[in-house]
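The values are calculated or read from the model by the stated rules, or taken from the named source; none is laboratory data. Just so it is clear, the model here is predicted, and its values are computed rather than measured. Virtual Cβ from ideal backbone geometry, glycine too; neighbours counted across all protein chains shown.
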Amino acid sequence: MNLLRPLLSLEKVIRDKPFNKILSIGPRSESELFLLLANGFRWKNITALDLFSYTPKFDIGDMHKMPYNNNSFDIIISGWCLGYSDNLKLAL
Ligand SMILES: C[S@@+](CC[C@H](N)C(=O)[O-])C[C@H]1O[C@@H](n2cnc3c(N)ncnc32)[C@H](O)[C@@H]1O
């Protein structure tokens, strides 16, 4: 996942990786999450949201109406997902 490279170049991310709470929106499969795990994020700090799921690790929901409180995450990533939005302002 190319999004990870620029993210991992940020000093604050490198330093705080084990503590950062990260949300992946639209990962589709767990492979995106395993990549985060392999790069130093902790499984318990990784949350995933998608419209469908085959695994309990994903929360099922819509990025336009997320089931999380404000400021729940330090980092949010989303690869090839915003293109499916019909309301970019709300999704962002
Ligand atoms: C093209 S896949 C991208 C998968 C992966 N992130 C990648 O980079 O390969 C788009 C994903 O976004 C999810 N998605 C589309 N609209 C969504 C929405 N409104 N809320 C949450 N997830 C959404 C789809 O279910 C799908 O899993």
Does ASP50 fit the bill of being at pLDDT 95 or above, touching a Lys or Arg at 6+ places or on another chain (Cβ under 8 Å), within 11 Å of the ligand (Cβ to nearest atom) and not β-branched (Val, Ile, Thr)?
yes
Name every residue in segment 67-81 that is loosely packed, with under 13 Cβ neighbours inside 10 Å and outside any loop (DSSP other than H, G, I, E, B), in order of residue number.
none
Within segment 66-73, is even one residue farther than 24 Å from LEU8 by Cα and near the ligand (Cβ under 9 Å from one of its atoms)?
yes
Take the residues in segment 38-59 that are polar (S, T, N, Q) and more than 13 Å from the chain's Cα centre (by Cα); name whichever of them is surrounded by the fewest Cβ atoms within 10 Å (Cβ to Cβ).
THR55
Given the criteria under 14 Å from the mean Cα position of the chain (by Cα) and within 16 Å of the ligand (Cβ to nearest atom), does LEU35 qualify?
yes
Of those in segment 19-39 that are out of contact with any Leu (no Cβ under 8 Å at 6 or more places or on another chain) and in a loop (DSSP other than H, G, I, E, B), the residue nearest to ASN71 (Cα to Cα) is LYS21
Is it the case that segment 1-18 has a residue that's within 16 Å of the ligand (Cβ to nearest atom), in a strand (DSSP E or B) and surrounded by 13 or more Cβ atoms within 10 Å (Cβ to Cβ)?
no
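Yes/no matrix, rows are residues, columns are (1) touching a residue at least 40 places away in the same chain (Cβ under 8 Å); (2) surrounded by 14 or more Cβ atoms within 10 Å (Cβ to Cβ):
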| site | (1), (2) |
| --- | --- |
| LYS21 | yes, yes |
| PHE34 | no, no |
| GLY61 | no, yes |
| LYS65 | no, no |
| GLY83 | no, no |
